[in-house]
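Report on the structure given below.
The values are calculated or read from the model by the stated rules, or taken from the named source; none is laboratory data. The shown structure was predicted, so the numbers you read here are calculated from the model rather than taken from an experiment. Cβ coordinates were reconstructed from backbone atoms using ideal geometry, including for glycine residues, and neighbour counts include every protein chain displayed. Accessible surface areas use protein heavy atoms only, side chains included; no ligands, DNA or RNA. Shrake-Rupley method; radii C 1.70, N 1.55, O 1.52, S 1.80 Å.
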Amino acid sequence: IDVTHYEIHLNEINISNQTIDATTIISLKTLTSVDEIELELKTLEVTSVTSDDVIINNFSQNGDVLSIVFENSVPADSNISLAINYGGNTFNESWGGIHWSNNYVYNLGVGFDSQPHNLGKTWFPCVDDFTDKASYDIYLTIPEDMVSSCGGILTATTDNGNGTKTDHWVLSQEIATYLISFAIG
């Protein structure tokens, strides 16, 4: 597969519990006919996988691998979108992953201890290699008294009316998963 776009929604970032609740919508093109695909997601638990384009037969997680099985084969050169809901405690190592400190949280997309070194998979399901590149929309829902920074351009901030706001960051250039970043504090 070739992922063309990630739309990442960090719906809740719980700093005191060091957890996230999120949804990622992945737009991809099949390069060959596929019955299932594998994505990577480290330590976070997937609760659902849906699509308006294909019927999902089932999904499972084994370690860092998220397997998604389709009811029917998806032909080569098909464009499909998958919505994946997930959450839980995030992964970090001495350098890479998601780091929590006081009222700050940020990601480092490359780890020195992990093999391979790419760690986009610590905060969203993805094809986490150095060659598959995509564009990004990132929505960070955070307390209204905090600020966010992200790879890309801040295009909108929405007051949610409940003490939170959602910052929308857009990166239209295609980059690998280890390069996309966020920080809040």
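Data table
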| read-out | value |
| --- | --- |
| Asn72/Asp2 FRET efficiency (R0 30 Å; Cβ-Cβ; nearest 0.05) | 0.90 |
| Separation in nanometres of the label points that stand 7 Å from Cα toward Cβ, at Ser60 and Asn85 | 2.3 |
| Accessible area of Ser16 in the full protein assembly, 1.4 Å probe (Å², nearest 10) | 100 |
| Surface per residue (accessible, 1.4 Å probe) for region 73-185, Å² | 45 |
| Calculated FRET value between Ser33 and Gln115, using beta carbons and R₀ = 30 Å, to 0.05 | 0.45 |
| Pairwise label distance in nanometres, Asn17 with Asp159, each label 7 Å out on the Cα-Cβ vector | 2.8 |
| Accessible carbon and sulfur surface of region 28-178 relative to its total accessible area, %, 1.4 Å | 47 |
| The chain: C-alpha pair distances exceeding 28 Å, % | 21 |
| Net lengthening on full extension, Ser48/Ile25 (0.36 nm per residue, minus Cα-Cα) | 7.1 nm |
| Relative contact order (percent, whole number), the chain, Cα cutoff 8 Å, 6+ residue spacing | 23 |
